[in-house]
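Only one structure is covered here, and it is reproduced in the block below.
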Amino acid sequence: MTEKTMTVTVAYGTTKHSITLTAQDGHAALLKDLCEALTEATGVPIPSQKVIFKGKPLKEMEEPLSSFGIKQGCKLMMIGKRNTPEEEAGLKKLKDIEKSVEQTVKKLEKVDGELAGLKNGFLAKELQAEALNKLDHRVKVAAEQFMKILEEIDGMSIKPCPFTIDSKLTFIFECNSHISKSNQQLMDKIKFRSTFFLFLIICYVKIYDTNLPESLSDWRMKKKGLVKTVQGFLAQCDKIEAGISDHLAKIQTKNLALAE
């Protein structure tokens, strides 16, 4: 096994981080690998990171670093926001919920496997109806657990930072109002108003850009993804339950035919 290492320097704020990446078996280090290492070094989650090299933001996570022209000793820059304590607590809670989901999924997979065995005749016909009823009960229990998990996720929330985009904009426009009232004559003379409003627009863009909307935060993305995952398993519960009902109906039809 051959290993190649590459060390780059990434500036984050006033701190410079020396990041060493290892490529194994001919597979070059990817941008994703660098971002994961930066998360460990800085605490900034990947969705909040903006890695910049030679003035250009890097976005293609699955591309090797060499494709961007990055090599040993190169210097990069990263901007991004660390998670707040509330977000970290939320992420930890989501991880705990993910474990509950995994446990329930294992139970569901076991039911699905046993149903497949019944369909393949691995149990005596006279015992299949009772076994199917038990499987049906277990599927309903799994579906109920998934519903409780969705309710738990839905009840999760993180208090927003009190100094939000809206409050920053309010502050800026209050400053503008104050300047307009106290220096009206000066601003009229130098015809500076249009330039000042352009400055306000730039400030808005900068503020919005450095404070991602709540729907794009690391916590929100993970929460949304987990909801979709659980909803998918709920759909799988419905599918398995339908399969149980269908097989049970076939057995009952055959029993009625034999009785006649």
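Rounded to the nearest 0.05, what FRET efficiency do Lys140 and Lys95 have when you use their Cβ-Cβ distance and R0 = 41 Å? Let's see the in-between values first.
Details: r = 27 Å, r/R0 = 0.66.
E between Lys140 and Lys95, to the nearest 0.05, is 0.90.
Take the Cβ-Cβ distance between Leu150 and Ile52 as r, set R0 to 35 Å, and report the resulting FRET efficiency rounded to the nearest 0.05.
Details: r = 39 Å, r/R0 = 1.11.
Given R0 = 35 Å and the Cβ-Cβ separation, E is 0.35.
Among the listed pairs Lys16/Lys56; Lys4/Lys81; Lys106/Lys239, which are separated by more than 22 Å between their Cα atoms?
Lys4/Lys81, as the Cα separations exceed 22 Å there.
Using a 1.4 Å probe and ignoring any ligands, DNA or RNA, find the accessible area of Lys50 and quote it in Å² to the nearest 10.
Accessible surface of Lys50 is approximately 70 Å².
Provide the FRET efficiency to the nearest 0.05 for the Thr22-Ser157 pair, computing r from the beta carbons and using R0 = 35 Å. Please report the intermediate quantities before stating the final value.
Values: r = 40 Å, r/R0 = 1.14.
E(calc), rounded to 0.05, equals 0.30.
Roughly how many nanometres apart are two label points built 7 Å out from the Cα toward the Cβ at Lys32 and Asn120?
3.3
The values are calculated or read from the model by the stated rules, or taken from the named source; none is laboratory data. A quick note: this is a predicted structure, and the numbers were derived from the prediction, not measured. Because the Cβ atoms are built from the backbone with ideal geometry, glycine has one as well, and the counts that use them run over all protein chains shown. Ligands, DNA and RNA are excluded from the accessible area calculation, which covers all protein heavy atoms including side chains. Shrake-Rupley method; radii C 1.70, N 1.55, O 1.52, S 1.80 Å.
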